[in-house]
Structures are given as structure tokens and as C-alpha cells.
Amino acid sequence: MKKKLIAMLLSAAMCLSLAACGQKADTPDTTDPAEPSGDAATYTVGICQLVQHEALDAATQGFIDALNEALPGQVKFEEKNASGDSNSCATIVNGFVSEGVDLIMANATAALQAAASATSDIPVLGTSITAYGVALDIDDFSGTVGGNVSGTSDLADLSKQADMITEWFPETQKVGLLFCSAEPNSSYQIQEVATCLANKGIETKEFAFTDTNDVSSVTQAACDWADVIYVPTDNTAASNTEAIANVTVPAKTPVIAGEEKDLWREFYKAFASSARCNLHVSMHYGKNGHHLLESVAKSLGLALAQAVRRSGNVIRSTKGGLD
């Protein structure tokens, strides 16, 4: 029966998790005619989420919704949030192990590391994980974790992110790499991006914050040094996009982020504030985040063009002119 649950959970996680666009780990074998069908069986799933954040919240909710649809009334969920504390992840997961849950869903790297350390018997599914090999310290990672751990990855093409910096800002000479030192996946990403930029003759420097308390000061140091700032897919950075934007926007330092969907709101907030205008963005439908944001940018461009277009001798502005 447990194998059937694992199969359904893994399928749901890979299909509906926000991290499902990256590499996949191995899928457990679900064929075992000796086991009962388990149609009336009930299961307990422990969910450990590192921090409350829109992207992670959506991944957890999508996971729950899919399982409730696949196994209506048969799955009990125990949701726990570590509030950004890695030690709390260990406490939460150890509690799940003591309770003997049927499966652990680990949302974010610290949660996965805690689950992998806590049990080798209970199946563990990870989501919102950038690089499993880095997170679990696996040498020569081939894409398969093995054992009781599987899940989805959200690792983007880092070389293309480096290319974006030089394409958008061709005069760039120095790039500040802004990340949380407590997240090994972030360290991996900036090392890869730094290598790509070095091959282009661009100097890089690491600016690492340890937690939310020093995000602003470290970001300011990065702005003072760099022409452009690069932020990888980083849970702590994603939870502090407003703090980062509050420094980079006044400093007029461009930011290239690995997690575009976490920064767009701050960009448009800063835009509206600087332009001193009312800006309303509404997405009525769509699923692909990149295409949604692209449509918003194009729509805003058309709206601005209409707003400042001359009509006779009149500029269509509530103040009668533009600063």
C-alpha cells in the first residue's frame, strides 16, 4: 500500500509543484501484485516547509490539492513551517519520524537535508530544491538520489543567466553576487555564474548575508561595488525581495535574479513609486510564469505609450506635464 501512496505522491509533486520544471530524481517502482490495492487505506503525510513565502506556499498547496483529488479523504496532512530556521526543520522532521508518518514532503533545501538525515526508511519527496547533489553532498551526482529520497528540482540554466547580464548590460565590468551563505545551493549557483562571467572577462565578488538581519547592509555593500547585482534562486533572498529592492532601486543598480517570479512585484512597486503614478496589474488567466510576466511588461509598455501620447497640443497627464 505504501508503494501506491509513494507513486501518487511523486506523480503529484512532479506534475503540480512549482519546481517541476527542472531535473527529476528516480521514480519508485510501483508494480507489486503481492500488495493489496489499498483503496480504503489512509495515510499520514508530514510536510516540512522552510519558510512562509508565496512560491513555497503555492508548491505546498498544489501538492495537497493534487493528493486530495487523487485520494479523497484518505490522506491526513501535518503541515509545519520552520520560519526560516534550519534547526527547526530538524525538530519538525524528527517529530514526523517519531510519529511514523507514511511520507515526508520537504519543501526547500534545509527541509530536505533535515529529512534525509533523520530517516532512511520513510520515503522523502523534495520540492523547491535547486541541486540535489549539492544539497545532499553527493559526489558525481547523476540525477538520481537513490535510497528513500526523490523529488523535483528548480535549477535553471545558469549559463543563460550569465548571458542575460552581458546582453542587457554590455558595459558591465563588475558583478556582485548576492546570496545567503547558509544555503549551499546558492553557493553552487554563484560559483557557476562566476565561472561563466569570468570567461567573459567580467570581475565578480561575493556578497553573502547570513540571515534576514543583514540583508540590507550586505545589499548596500554590493551596490557600492558592482555595476550589476546577480541574485540566485535563494529562499532567504526571495523572502526579502522588498528589503533588497529598497536598496537597489534608490542606488539605481540593476538586479538579475534567478527567481524572476519573486521580484516582479517589487520592480513594479518601485516603478510606480518612482513615477508617482497609480499602477494596477491584473492577470486573469495563464499558467507559465515567464509568459505571464512578459505579457505584463508588454501591456505596461503599451499603456505608457498611450498615456504620454500627444493629443493635439495636450499631453494626457493629470498634472498637465511630465517631470
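The values are calculated or read from the model by the stated rules, or taken from the named source; none is laboratory data. Bear in mind that the values here come from a model prediction, so they are computed numbers and not experimental data. Note that each Cβ is placed from the backbone with ideal geometry, even for glycine, and that neighbours are counted across all protein chains shown.
Checked against the criterion of being hydroxyl-bearing (Ser, Thr, Tyr), within 16 Å of the chain's Cα centre (by Cα) and either at pLDDT below 95 or within 27 Å of residue 156 (Cα to Cα) (or both), the candidates 31, 60, 42 yield just one match: 60.
A Cβ distance below 7 Å, combined with a sequence gap of six or more or placement on separate chains, defines the contacts here; from the stretch 88-101, residues that are surrounded by 15 or more Cβ atoms within 10 Å (Cβ to Cβ) reach residues that are of a type in the set (Val, Ile, Thr) in the pairs 93/104; 96/104; 97/119; 97/122; 101/44; 101/45; 101/122.
I'd like to know if the stretch 176-184 contains one or more residues that are surrounded by 14 or more Cβ atoms within 10 Å (Cβ to Cβ) and more than 18 Å from the chain's Cα centre (by Cα). Yes - at least one qualifying residue is present in the stretch 176-184.
Please verify whether residue 103 is touching a Pro at 6+ places or on another chain (Cβ under 9 Å) and among the hydrophobic types (A, V, I, L, M, F, W, C), treating the condition exactly as stated. Considered against the rule, which asks whether it is touching a Pro at 6+ places or on another chain (Cβ under 9 Å) and among the hydrophobic types (A, V, I, L, M, F, W, C), residue 103 comes out as yes.
Between 186, 217, the distinction of being more than 24 Å from residue 155 (Cβ to Cβ) and not aromatic (Phe, Trp, Tyr) belongs to 217 only. Condition test on residue 198, is it small (Gly, Ala, Ser) and under 22 Å from residue 249 (Cβ atoms)? Spelling it out, it is not the case that residue 198 is small (Gly, Ala, Ser) and under 22 Å from residue 249 (Cβ atoms). For the structure I just gave you, tell me whether residue 146 is surrounded by fewer than 19 Cβ atoms within 10 Å (Cβ to Cβ), in contact with a Lys or Arg (Cβ under 8 Å, 6 or more places away or on another chain) and in contact (Cβ under 8 Å) with a residue 12 or more places away in the chain. Judged against the criteria, residue 146 is not a match. When the test is whether a residue is buried (at least 23 other Cβ atoms within 10 Å of the Cβ), modelled with pLDDT under 95 and touching a Ser or Thr at 6+ places or on another chain (Cβ under 7 Å), residue 112 does not pass it. Inside the stretch 190-226, residues that are buried (at least 17 other Cβ atoms within 10 Å of the Cβ) and farther than 29 Å from residue 52 by Cβ make up a count of 6.
Scanning the stretch 227-244 for residues that are crowded, with 22+ Cβ neighbours inside 10 Å and either more than 13 Å from residue 178 (Cβ to Cβ) or of a type in the set (Asp, Glu) (or both) gives 234, 235.
In the stretch 278-286, the condition of being closer than 30 Å to residue 111 by Cβ, crowded, with 18+ Cβ neighbours inside 10 Å and hydrophobic (A, V, I, L, M, F, W, C) is met by no residue. Among the residues of the stretch 204-225, is there at least one that is under 24 Å from residue 126 (Cα atoms) and touching a Pro at 6+ places or on another chain (Cβ under 8 Å)? No, that holds for no residue. Of all residues assigned to the stretch 133-144, at least one qualifies as being among the β-branched types (Val, Ile, Thr) and more than 23 Å from residue 59 (Cα to Cα).
Exactly one residue among 161, 189 is touching a Pro at 6+ places or on another chain (Cβ under 7 Å) and modelled with pLDDT of 85 or more, and that residue is 189.
State all residues of the stretch 63-102 that are over 26 Å from residue 182 (Cα atoms) and in contact with a Lys or Arg (Cβ under 8 Å, 6 or more places away or on another chain); if no residue qualifies, say none. The answer is 102, and nothing else. Counting just the residues of the stretch 219-275 that are at pLDDT below 80 and either part of a loop (DSSP other than H, G, I, E, B) or of a type in the set (Asp, Glu) (or both), which one comes out nearest to residue 83 (Cα to Cα)? By that ranking, first place goes to 262.
Is it true that residue 238 is out of contact with any strand residue (DSSP E or B) (no Cβ under 7 Å at 6 or more places or on another chain) and either among the hydroxyl-bearing types (Ser, Thr, Tyr) or under 16 Å from residue 130 (Cβ atoms) (or both)? Against the criterion (out of contact with any strand residue (DSSP E or B) (no Cβ under 7 Å at 6 or more places or on another chain) and either among the hydroxyl-bearing types (Ser, Thr, Tyr) or under 16 Å from residue 130 (Cβ atoms) (or both)), residue 238 qualifies.
Here's the yes/no breakdown for (1) in contact with a helix residue (DSSP H, G or I) (Cβ under 7 Å, 6 or more places away or on another chain); (2) surrounded by fewer than 18 Cβ atoms within 10 Å (Cβ to Cβ); (3) touching a residue at least 40 places away in the same chain (Cβ under 8 Å):
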| site | (1), (2), (3) |
| --- | --- |
| 51 | yes, no, yes |
| 60 | no, no, yes |
| 68 | no, yes, no |
| 107 | yes, no, yes |
| 121 | no, yes, no |
| 157 | no, yes, no |
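Looking across the stretch 78-103, the residues that are among the polar types (S, T, N, Q) and closer than 20 Å to residue 120 by Cα come down to 86, 87, 88, 91, 94, 98.
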